[in-house]
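J.: Here you go, one structure.
The values are calculated or read from the model by the stated rules, or taken from the named source; none is laboratory data. Keep in mind the model is a prediction, meaning the values are calculated, not measured. When we count neighbours, we look across all protein chains shown, and the Cβ atoms used for this are built from the backbone with ideal geometry, even at glycine.
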Amino acid sequence: MTGIISYGGYIPLYRLSRAEIAKAWGVNAPQGEKAVASHDEDSLTMSVAAARNCLEGVDPKSIGALYFASTTSPYREKQTAATIAAVLGMDREAFTADFSGSLRAGTNAIKAALDAVNSESASSVLVCAAECRLGMPNGSNEMSFGDAAAAVLIGNAGVGATIDATYTVSDEIIDVYRSDRDAFVHSWESRFVRDYGHGRVLPEAVSATLKKCDLSPKDFSKTVLCAPDSRQLAAVARRLGFDLQTQVQDSFYAQIGDTGTAQPLVSLAAALENSKAGDKVLLASYGNGADVIVMSVGEEIERIKPKRTIKGYLETKLMIPSYQKYLRWRGLVPIEPPATAPMEQPSPVALWRDNASGLTLHGVKCRKCGTAQYPAQRVCMVCSARDQFDDYSFAERTGTIATFSHDNLGISADPPNTIVAVDFPEGGRITCDMTDRDPEEVRIGLPVEMTFRQLRYIGGFYTYWWKCRPLREPK
Amino acid sequence: MESIRDKVAIIGMGCTKFGENWDKSTDDMIIDAAYEAYEDAGIEPKDIGAAWLGTYVTDITGQMLARPLKLDYIPVTRVENACATGSDALRNAAYAVACGACDIALALGVEKLKDSGYSGLPDFELYRRQLNTYRTRTYSPPGHFAMMATKYFEKYGLGPDEGKRVIGQIAVKNHHNGSLAPKAHFHNEITVEQVVKAPIIAWPLGLYDCCGVSDGAAAAIVTRADLAKNFRSDPVYVKSLQISVGPLEGYMNPAYDWVHVEETVRAGRAAYAEAGIRNPREEISLAEVHDCFSITELVIMEDLQFSPRGKAPEDVAAGFFTLEGGLPVNTDGGLKCFGHPIGASGLRMMYEVYKQLQGKAEQRQAWVVRRQDAASALSSSATRNRSTEGDPRPPNHPSSEGQERAKMWRRGSWRFYFGLPPYGFHFHKKRPGPSKEEYLSMLEDYRRNLEDEVQVVKKEIEEIKKGP
């Protein structure tokens, strides 16, 4: 009885209208929008966001392994799963691994997680899938690719959706690819990709799964089929005999685009949000082969519904006003550097010493006077007691803006850099950057929450820290 | 605890032109400021017993001063204390002469910012390191002070436009004063409209709310108070030098309100106690304060008790801090207009106070100081003849009322200075000056005295002519 014991998605706040891209290149405008990671987001930070959503009420120390899945890890060499595990405050003996190489990486990781739990090598495994792919400017991939993340926790206690069966097939084909020398994803001629890649392998794998499990399309209340766009999704679903109106989970191509490795998990999260006990769900992903997973929804599904739903994420958005801004955020055009002193390279030594404060947003609380403070101190700022503190996390707390400025000289890819002092009602103040904000809406007293973001990229490595943002709630 | 009050005097000062000194090296500016101060004090370089060099980022070690000045193997210490660097260099030099470690000390502040190629300040990663982490804020100095402006406006109910106009008047005042200071970085007058409409640097602060980024150097020669008159008749005596350094907890303690600077309050309080000031608003005649941004000057007016809390905007609107006002502030244009070569600023402030007290501030001579000095001079003049024994001339006959009044202003000329990070500031203290009416009446008395004296002299001349 192994399956999903918790899940949660994450879609960045920003959307870029495809018409805006078309306008920049003087081409016909396709419908819809794509989700775009903010200038300070990447697959790592989006994974953290999805994982925090997934782990609401779950003790991170109880998780036995963390798998990160993406074709867009911020590093080629340096494990992203280890960073995420540190940010979440997981046990250091939890097994961490990065899955990559194809858009199946997310379902590859789920299968590996299932095997780990079934073999009792881990009590539960957190799978994070995130994607932040680049298509070449003025190309069809640029129009279609979107950024998102999702996480599922696989275990065998309190299962909301049991994994009944899995099926997998590998397939060697050069259809969609990005070599180690490329920043952009390339595709071979679209008809070849459509008919002999996705259009051949995915139906083949789903049919094989149904046959193996002795099931037919009508047995499923929801089928999550990954596809590069809505037309291909409809074509494959129809060919397999699923009813488009009632059975097929939307992949949100119109709202967020093709979110790659994240797509199967984001769509699965959306499907589970609307499932009830007794439903059967099929998940199929594609990428040099296909993975198919068959699930049965149980009574626990209501209990594990995340606080932030895919529906909620789709409803809260900010439009990126121009294509130029998108180019700047993704670093696709060289920008004249500001006339200020270049930033010094941070010291990995200092960063390492600072992991508790910097990555987990842990401050301290004084045992003598009870004052919460960030960053961690050794001498209390109120009563001067030395080294008498308990660990105190600020990550899940909300606060309000004590004061702010929109700083045009502060270094940011999204100027002005909004800087704020955040006061927490249970004590403590953190002065930090604010992100995902409309400058017009920022005011003293505005409630904010903390979010893990990229702070800098200098000298070949990323520095991450926390920022605040307005509470992300549907209006 | 002993006090430094009345133990030290400044006997010479120098200051270079502040600004974008493309054609001057750091060494050039050090030499120009130091030799102006030597000359002003009437001393030779060899008379210097010890030196303190203030610089923020230009270079390191005391050799930076010894090398261009060819100092004779004397003790030289480099001081760095952010924007109070120059003030702190002077503080250290003053303590050295006060304790008798040397008779004459040099304090020199210098900064060369414009070789960097940047329009802003140099690498503030230095600040970030102070917090023992690299994962800290990404904001600029104006951003930091802008957060004070945001909160000040909110707390005292000023709308953004209204608030910007209030602090804008400070920039206008400082540009006016700076336009009268030949060594200032800028010499242009500005209007409140220009301030309000200027490009935003860090909301709500615009271009004209921010101080100049400049090159410059300033120097002071200090000696023991009892030796001062050997060098000049008008030394400036130190009444207090106070510095307060806080634990920077405003960033992390919600108790901090963002509308005051505790360090300024503490240093001010300590300086007033040391100098014997009870009512700063009434007793202080002139102030040089750290207006790195217009909001900073507004808040300092309250922190130094010149204005009650929340009332500085009213005093600004009433012109209380202008050259003609009751308490002129930043008579040379301040950091805003005179410029801010960080390590030099504290000594530049002292340079202005020194010149004002000696009545050498030319077009920008503060009205209050001029009036007080004139009143002192009048009282000397009015009593001169009466006290001169053996004068064959008959005593003149000023009204006794006028003479008594004139005497009032003669007593107790108190002058002092203090500084602190991030703000250094300096001022002197005298008895409160006479009101305009009193002063006019004194002048009338004096005119009558002179007329009487002219009559006496005419009479004497005629008597001598008629004589044998």
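J.: Of everything in segment A:90-125 that's in contact with a strand residue (DSSP E or B) (Cβ under 9 Å, 6 or more places away or on another chain) and among the basic types (Lys, Arg), which residue is farthest from A:TYR177 (Cα to Cα)?
T.: A:LYS111
J.: Filter segment A:354-368 for residues that are assigned to a helix (DSSP H, G or I) and either of a type in the set (A, V, I, L, M) or at the interface with another protein chain (Cβ under 8 Å from one of its Cβ atoms) (or both) and give the result. Give the steps one after another, and end with the answer.
T.: If we filter segment A:354-368 for residues that are assigned to a helix (DSSP H, G or I), which is where we start, we get A:355-360.
Scanning segment A:354-368 gives A:ALA356, A:SER357, A:GLY358, A:LEU359.
J.: Taking segment A:58-81 only, how many residues are within 18 Å of A:ASN156 (Cβ to Cβ) and part of a loop (DSSP other than H, G, I, E, B)?
T.: Count: 4.
J.: Inside segment B:253-355, counting only helices (runs of 4 or more DSSP H) that do not spill past its ends, which hold 3 or more residues that are out of contact with any Lys or Arg (no Cβ under 9 Å at 6 or more places or on another chain) and either surrounded by fewer than 19 Cβ atoms within 10 Å (Cβ to Cβ) or among the aromatic types (Phe, Trp, Tyr) (or both)?
T.: By residue number, B:262-275.
J.: Report the residue count in segment A:228-253 for those that are closer than 11 Å to A:PRO217 by Cα and under 23 Å from the mean Cα position of the chain (by Cα).
T.: Number of matching residues: 1.
J.: Name the single residue that is farthest from B:THR55 (Cα to Cα) among those in segment B:193-235 being more than 14 Å from every other protein chain (Cβ to nearest Cβ), in contact with a Pro (Cβ under 6 Å, 6 or more places away or on another chain) and of a type outside the set (A, V, I, L, M). Let's see the steps before the verdict.
T.: Initially, segment B:193-235 is screened for residues more than 14 Å from every other protein chain (Cβ to nearest Cβ), giving B:193-197, B:208, B:212, B:214-235.
With in contact with a Pro (Cβ under 6 Å, 6 or more places away or on another chain) added as a condition, the list becomes B:214-216, B:228.
Going one step further and asking which of them are of a type outside the set (A, V, I, L, M), we end up with B:214-216.
Working: B:SER214: 13, B:ASP215: 11, B:GLY216: 11 Å.
It comes out as B:SER214.
J.: Among the candidates A:SER251, A:SER221, A:SER216, single out the residue that is closer than 28 Å to A:ASN141 by Cβ and of a type in the set (Ser, Thr, Tyr). Working first, answer last.
T.: Values: A:SER221 fails: closer than 28 Å to A:ASN141 by Cβ; A:SER216 fails: closer than 28 Å to A:ASN141 by Cβ.
Checking each option against the conditions leaves just A:SER251.
J.: Now, a different point. Here are some residues: A:ASP291, A:ASP390, A:ASP354. Which one is within 30 Å of A:LYS276 (Cβ to Cβ) and of a type in the set (Asp, Glu)?
T.: Answer to the check: A:ASP291.
J.: Is one or more of the residues making up segment A:220-227 surrounded by fewer than 19 Cβ atoms within 10 Å (Cβ to Cβ), under 28 Å from the mean Cα position of the chain (by Cα) and either closer than 15 Å to A:GLY260 by Cα or not aromatic (Phe, Trp, Tyr) (or both)?
T.: Let us first name the residues in segment A:220-227 that are surrounded by fewer than 19 Cβ atoms within 10 Å (Cβ to Cβ), namely A:221.
Filter once more, so that each one left must be under 28 Å from the mean Cα position of the chain (by Cα): A:221.
Now narrow it down to the ones that are either closer than 15 Å to A:GLY260 by Cα or not aromatic (Phe, Trp, Tyr) (or both): A:221.
The answer is yes; a qualifying residue exists.
Yes/no per residue for (1) more than 13 Å from every other protein chain (Cβ to nearest Cβ); (2) at pLDDT 95 or above; (3) closer than 23 Å to A:PHE452 by Cβ:
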position	(1), (2), (3)
A:GLY370	yes, yes, no
A:TYR374	no, no, yes
A:VAL379	no, yes, no
A:SER384	no, yes, no
A:ASP387	yes, yes, no
A:TYR392	no, yes, yes
A:GLY399	no, yes, yes
A:THR403	no, yes, no
A:GLY410	no, no, yes
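J.: Inspect segment B:113-127 for any residue being surrounded by fewer than 18 Cβ atoms within 10 Å (Cβ to Cβ), modelled with pLDDT under 70 and of a type in the set (S, T, N, Q) and give the result as yes or no.
T.: no
J.: Just wondering, is there one or more residues in segment A:443-463 that are farther than 19 Å from A:VAL48 by Cα, more than 11 Å from chain B (Cβ to nearest Cβ) and modelled with pLDDT under 95? Lay out the reasoning, then the answer.
T.: Filtering segment A:443-463 for residues farther than 19 Å from A:VAL48 by Cα gives A:443-447, A:458-460.
In the following step, the residues that additionally are more than 11 Å from chain B (Cβ to nearest Cβ) were identified as A:446-447, A:459-460.
Within this subset, residues satisfying the condition of being modelled with pLDDT under 95 are A:459-460.
Checked segment A:443-463: at least one residue is farther than 19 Å from A:VAL48 by Cα, more than 11 Å from chain B (Cβ to nearest Cβ) and modelled with pLDDT under 95.
J.: Looking at segment A:420-439, I want the residues that are more than 8 Å from chain B (Cβ to nearest Cβ) and in contact (Cβ under 8 Å) with a residue 60 or more places away in the chain and have a partner that is assigned to a strand (DSSP E or B) and hydroxyl-bearing (Ser, Thr, Tyr) with Cβ atoms under 9 Å, at least 6 apart or on another chain. Which pairs are those?
T.: A:THR435/A:THR418; A:THR435/A:THR451; A:ASP436/A:TYR14; A:ASP436/A:THR451
J.: Sticking with this structure for a sec: Considering only residues of segment B:56-96 that are part of a loop (DSSP other than H, G, I, E, B) and of a type in the set (A, V, I, L, M), which is surrounded by the fewest Cβ atoms within 10 Å (Cβ to Cβ)? Steps first, please.
T.: Let us first name the residues in segment B:56-96 that are part of a loop (DSSP other than H, G, I, E, B), namely B:56-62, B:70-75, B:80, B:82, B:84.
Next cut, of a type in the set (A, V, I, L, M) only: B:57, B:60, B:71, B:74, B:82, B:84.
Numbers: B:VAL57: 19, B:ILE60: 11, B:LEU71: 20, B:ILE74: 16, B:ALA82: 18, B:ALA84: 31.
For segment B:56-96, the residue satisfying everything is B:ILE60.
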